[in-house]
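Comments concern the structure below.
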Amino acid sequence: MNGISLILEFKENLNKKELVGTKCRACGSTSVYPNFHCRKCGNTSFEKVKFSGKGTLITYTILHAVPSGFKENSPLVIGLVELEEGGRISAQLDVSEDELSVGKKLEAIFQERDGRILLRFKLLGGI
Ligand SMILES: [Zn+2]
């Protein structure tokens, strides 16, 4: 499988509102992003793993000067989330500034926008 088909497959799964990544057959390390080789051990054999979308906030940043197309989301909160199954992903957070803190439990939501599916995270069990 080449790089483009790996990325297309990731995007297809996202459009189906599924977070599917890889698990290394040698060391068991997981990654939500498509990889050619395991970042931990270098192995090139993977199995697919479906992520629950639940995870923990590792760090975040708040952007007050937002790119065009995101003005209605200002300020824009971007977080790095460690997923329950392992692997980290960065995405926009639908979490208000006063509820933000490292270590918060989050869950993925899939939002449709202009015919595309965007991955975001909200507080686990939150609205
Ligand atoms: Zn590995």
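Read-outs throughout are calculated quantities, based only on the coordinates presented, and are distinct from any laboratory measurement. As the structure is a computational prediction, the values presented were derived from the model and not from experiment. Here Cβ is always computed from backbone atoms with ideal geometry, including for glycine, and neighbour counts include all displayed protein chains.
So here's what we get for this one:
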| item | result |
| --- | --- |
| Condition met for V49 (over 16 Å from K122 (Cα atoms), touching a Lys or Arg at 6+ places or on another chain (Cβ under 6 Å) and more than 16 Å from the ligand (Cβ to nearest atom)) | no |
| Counted residues, the range 97-115 - those being farther than 12 Å from Y60 by Cα and either among the polar types (S, T, N, Q) or touching a residue at least 60 places away in the same chain (Cβ under 8 Å) (or both) | 3 |
| Failed condition for I117, given (1) surrounded by 10 or more Cβ atoms within 10 Å (Cβ to Cβ); (2) in a loop (DSSP other than H, G, I, E, B) | (2) |
